[in-house]
Amino acid sequence: MSEHIFSAVLTFSVLAAGTTAVGSEWVAPRQVAASAAVTSLPPVTVIGKRIAAADSVTLPMVVVTGQRLRDTEVALDDSAKAAPTTRSRIQ
């Protein structure tokens with residue numbers, strides 16, 4: 001019972017704190033930034049070729065090799081497949 005009361009009080013406290021934080025930012029006076037110098041850059045011309053969609057993605061072939069340690073256990077051994085049954089047994 002006490003965990004329900006604590007949860008309700010905690011939820012209300014977080015809601016009240018969030019409302020207070022948003023409200024204080026909303027009514028806070030804004031400071032106007034000093035005007036900064038603006039620099040204009042010269043125009044840039046981009047020259048390039050568009051690649052066809054089919055040729056745009058080419059992934060290299062990756063071969064992953066590894067060795068299993070001798071003390072590693074097999075998580076699922078399906079080497080000896082049993083005849084299908086209507087109920088499965090978990091051992």
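I need the full set of residues from the range 24-44 which are more than 30 Å from the chain's Cα centre (by Cα) and of a type outside the set (A, V, I, L, M, F, W, C), in order please. Once the filter is applied, which keeps residues that are more than 30 Å from the chain's Cα centre (by Cα) and of a type outside the set (A, V, I, L, M, F, W, C), the range 24-44 yields Ser24, Pro29, Arg30, Gln31, Ser35, Thr39, Ser40, Pro42, Pro43. Evaluate the following for Ile5: is it surrounded by fewer than 10 Cβ atoms within 10 Å (Cβ to Cβ), β-branched (Val, Ile, Thr) and at pLDDT 90 or above? Judged against the criteria, Ile5 is a match.
The values are calculated or read from the model by the stated rules, or taken from the named source; none is laboratory data. The structure displayed is predicted, hence computed values, not measured ones. Glycine gets a Cβ as well: all are built from the backbone with ideal geometry, and neighbour counts include every protein chain shown.
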